[in-house]
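Engineer: What follows is a structure written as structure tokens; I'll ask about it next.
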Amino acid sequence: MGSSKKIFISHSEKDVEVVECLIDLLEGIGIKSTNIFCTSLEGYGVPLGADFLRTIKDELNGDTLVLFILTENFYNSSICMCEMGAAWIKANECVPILVPPLDFPDMRGVIPHTTHGIKINNASNINTLKSTLIKSLRIDELDTTIWERKRKKYLKEIEQIINDKEKQLSLDIENEETIALELQEYEEIDPYEEIDYISDMYYHPKPKTNDNYTVSYGNVPSQATLVGNGQFVLLSVRRGSVSSIFIEIAKNEILYDVNNLSMKLNKGGEYLQVRGIWFDDKNWGVSIYVDLIHDSSFNPSINEKYIKEKLHDGWNWYGNGQTTEVNVRIIPENTASDGFFVNSKEYYNRLDSVYFPNT
């Protein structure tokens, strides 16, 4: 028995000890090492001489089961957050695995906290993971006695790793507090006095209009994600990188207009979601991909023509006069369903050629 399906372990390289322990368990279940993709461990990741980004892109497909190892290290990594967005769109199966002290309400990003996940040190949850993997990869069931021995060994090791990490975190916090107390001695010094105009510009940055969004960058400079105010937006540029200029245009101009438009929606089941923004930095244009989702029990409050008009379709508008193209879909859904999620990965399928261009 068995299948060619792979397990893609999305994680922070700072959590390699946790991942290594989990991989030992996966192999103990009967999963071949060739069916496991993990960038932090030799033999499981990118082959020598292969293109790193191309390999990851190829591994993330519809026949991949993605395990997200969720820690504060993961959420603090822009690469991990971009990887999360890509995996959520391209993979059919995604399993969030929380590492204490994180709990289910702490889940954020494109994966909602209501998604069924597991805790990495919970015995019952580990049984559920085993059953899921055996079914998904079509491998033989382990003898109960053998499994219990492997699970017991794994749980002991993972608890030790978690405890060691928590102790290290406590030491780091204590060190930070000590440094903060020492710095108080210098409070009487005004760092802004007697500095030239260049330093003044550095110490007093221009206030941003909208700081309610989090920007995450990955290994590909031409791609980023913008998350906040209920939006999960994929950003991409034709060439070069997603610069701060493009970020400001997206936050303070495009999403500003979208938020104003959203005021006209029925709050009981209508959502205006920006899925992607593509900047053509060669021809100075911007393409906006928008979904208006409404409950199928009523007609939408606004139509495609109105959305395009308010987002300046066909005008040289955003930034310093970029040609604007607005792509709109009107989507009826059962928004009251437990399975409805406004940023579900299915809504991003049409962005594949924009966000993951062939190179």
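Engineer: All but one of (1) under 24 Å from Thr225 (Cβ atoms); (2) among the hydroxyl-bearing types (Ser, Thr, Tyr); (3) over 26 Å from the mean Cα position of the chain (by Cα) hold for Ser262; state the number of the condition that does not hold.
Structural biologist: (3)
Engineer: Sticking with this one: Could you please give the count of residues in segment 78-137 that are of a type outside the set (Val, Ile, Thr) and in a loop (DSSP other than H, G, I, E, B)?
Structural biologist: Counting residues in segment 78-137 that are of a type outside the set (Val, Ile, Thr) and in a loop (DSSP other than H, G, I, E, B) gives 15.
Engineer: If we scan segment 269-286, do we find a residue that is surrounded by fewer than 17 Cβ atoms within 10 Å (Cβ to Cβ) and free of Cβ contacts under 8 Å to residues at least 12 places away in the same chain?
Structural biologist: Within segment 269-286, not a single residue is surrounded by fewer than 17 Cβ atoms within 10 Å (Cβ to Cβ) and free of Cβ contacts under 8 Å to residues at least 12 places away in the same chain.
Engineer: Out of all the residues in segment 272-294, which are out of contact with any Leu (no Cβ under 7 Å at 6 or more places or on another chain) and under 11 Å from Ile330 (Cα atoms)?
Structural biologist: Gln273, Asp291, Ile293, His294
Engineer: Can you confirm whether Gly43 is in contact (Cβ under 8 Å) with a residue 24 or more places away in the chain, in the same structural domain as Ser77 (by TED's automatic domain parsing) and over 23 Å from Met81 (Cα atoms)?
Structural biologist: Against the criterion (in contact (Cβ under 8 Å) with a residue 24 or more places away in the chain, in the same structural domain as Ser77 (by TED's automatic domain parsing) and over 23 Å from Met81 (Cα atoms)), Gly43 does not qualify.
Engineer: Could you give me the residue pairs with C-beta distances under 6 Å whose first residue belongs to segment 305-332 and is closer than 19 Å to Lys282 by Cβ, whose second residue is surrounded by 14 or more Cβ atoms within 10 Å (Cβ to Cβ) and of a type in the set (S, T, N, Q) wherever it lies, and which are 6+ apart or on separate chains?
Structural biologist: From segment 305-332, the pairs are Asn316/Thr323; Trp317/Thr324; Tyr318/Thr324; Glu325/Ser287.
Engineer: From the set of residues in segment 122-178 that are over 21 Å from Ile36 (Cβ atoms) and among the basic types (Lys, Arg), which is modelled with the lowest pLDDT?
Structural biologist: Lys167
The values are calculated or read from the model by the stated rules, or taken from the named source; none is laboratory data. None of these values were measured; they are calculated from a predicted model. Glycine also receives a Cβ, built like all others from the backbone with ideal geometry; neighbour counts cover every protein chain displayed.
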